[in-house]
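As C-alpha cells, the structure follows; a few thoughts come after it.
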Amino acid sequence: MSVNAREEQYEHAELFGKPALFTDLRIDRSTVPEGFFCYDLRGSDYDPGKPVTVENQVAVNHAGTVLTAEPVTIPKEGFRRLRDQLNFLGECLTLPDFCEEHGLQLPSDNRKFILRPASSNEAGLFYAMPKEQDAELGAIGHVRIDFGRDGNEFWNTWHPRGNEALNSPEFKAELTELVNELRETGPLKNLNAMVGYCGNHGGEIEGGWRQNYGYVAETEYYRYCLRCSPGQGDYHAYLTAFDLRVQQMNMKRKAPAQEHGLTEAGKEMLRNAADNTLPHSYSWFVFKDYNMPDEKLTGELTMQEAVRLYNETDSGNKRLGVTKDEIATVDFVITSGGDQKFSDDYTRLASFSGDPVIAEAVKTLRGELMDQVPEQGITMGGL
C-alpha cells in the first residue's frame, strides 16, 4: 500500500545531515511534487525493520521511505549505506509543514484526476449491470482497454450504456483528459505500470476469474470507475463513466438502503452467471469495423443470426460473441487486420468455462467456421 506524498503525516528527520521526512509506508511516486526526491530504505535480512541502506526503490525488506528537498547521491552499485546518518528529530510534520519550516516552495498539485481505492460497497459498479440499474446510476458507457500481447500497446473501444444525450462533447473532452493523465502517470501507462500500481494501492474487488482492482475518480459532474485486471488472458481494464447529476436526481427518490442494494445486486448477478445450476439468458452480437471510427454493434441476436451476419459482414475487423445474463461478455470469433482467429478466452472466464450451453455453442461455431478460422488463441495486439 502506498500513500500520497502530499497527504502523509511524516516523522521529521535528518538524512546525511540534510532535512528529510520519513514514513514507514511506500510513497506513490506520481504524487511527489516537482523539486522533491523520494528514496526507499532497505532493512537487513536479520532485522528487516531497521534501515541500513538508502536506494532509489526497494522491493524486498522495505524499511521505510524518505522525502528530501535535495538529491541523495547513490553510488553506481545502487545503494548507499546509512551508517547512522538517519536521525529522527522527534516531531511529526506534513509536507506543507516541512516546507514552511525550512522555507521551501511547495508546487501546486496539477493533477486533475485523483484515484482512490474502491470501498467494498462500490464493487458492483465495476461490472456490467442490467439496463435498469445503469439508468438509475446515470451510466454513460465504458471504455474497454487492452495493452496487447507485449503489455505496451493501448487498444480501446467505447461501449455506450445509457442515454446518448449524456455522451456530450463536455463529457468526451473530460474522459479524454482522464485517460491521457492515467496513461502518462497512472495505471494505464502499460501493463507493468498497472501491476505496480495495483500492488501498491490496494483496491481489491470481488468478481472475475483472477484478482481485480477497483479505483474511483470523481469530478464535479462525473464519477469514473476503473477496474484493473493485471495479467494476460483477458482485457486489462474497464473504465466506466456515470453522470452524477442523473445519479443524484434518481437517488433522491430512493432510500439509502436501496442505493447499496444496487451494487450488491450487480455482484450477485455476476456470481449467478457462473452458477451452472441456474437458468441463463444468452444474447449474441457482431461487431463490424471493430475499434475503428465507423464501428457498429449489432446485438440481441440468436447464435445462428450472429453467424450469418458475421459471415455476410464485409470487414477486415469484426467480432462474434455473446453476452450472458446481461452482465458477462466474451468474444469467440475475431477478424483483425483481415486475419481470423478463434478465441479461447471463454475457457478462462468463470461465467463461461463450465457452461454446457456455451460448450455446445463452441462446438457449433467450430463446425460452421472451422474452414475459415484457425484454431488458436486471440492475439490481443491485433485489436
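Every number in this text was worked out from the coordinates using simple rules, so none of it is lab data. Only a predicted model underlies this, so the values are computations on that prediction, with no experimental measurement involved. Please note: Cβ atoms are built from the backbone with ideal geometry, for glycine as well, and neighbour counts cover all protein chains shown.
Here are the numbers:
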read-out	value
Rounded to 10°, Cα long-axis angle of helix 303-312 versus longest principal axis of the chain	90 degrees
Degrees between helix 169-185 axis and first principal axis of the chain (Cα, 0 to 90, nearest 10)	50 degrees
Net lengthening on full extension, Lys296/Ala359 (0.36 nm per residue, minus Cα-Cα)	20.0 nm
Folded to 0 to 90 degrees: helix 191-201 orientation relative to the chain principal axis, Cα	60 degrees
Structure-derived Rg and Dmax of the Cα atoms in Å: which label, when the choices are (i) 28.0, 98; (ii) 24.6, 75; (iii) 22.0, 70	(ii)
The range 20-95 versus the range 290-344: alpha-carbon centroid distance in Å	51 Å
Pair Asn110, Leu278: separation of 7 Å Cα→Cβ label points (nm)	4.9 nm
Peptides ranked, highest mean first, by Cβ atoms within 10 Å: ranges 213-222, 303-312	213-222, 303-312
The range 99-151-the range 152-217 distance, computed between alpha-carbon centres (Å)	7 Å
Residues listed by number, the range 74-101, amide nitrogen under 20 Å from Arg6 label point at 7 Å toward C-beta	93-101
Potential extension, Glu218-Leu89 segment - 0.36 nm per residue separation minus Cα distance	42.6 nm
Size of charge dipole - the chain - debye, nearest 20, with Cβ of Lys, Arg +1 and Asp, Glu -1, no other charges	260 debye
Cα gyration tensor category, rounded, prolate or oblate, for the range 1-99 with a/c compared to 1.5	rounded
Relative contact order (percent, whole number), the range 2-101, Cα cutoff 8 Å, 6+ residue spacing	35 percent
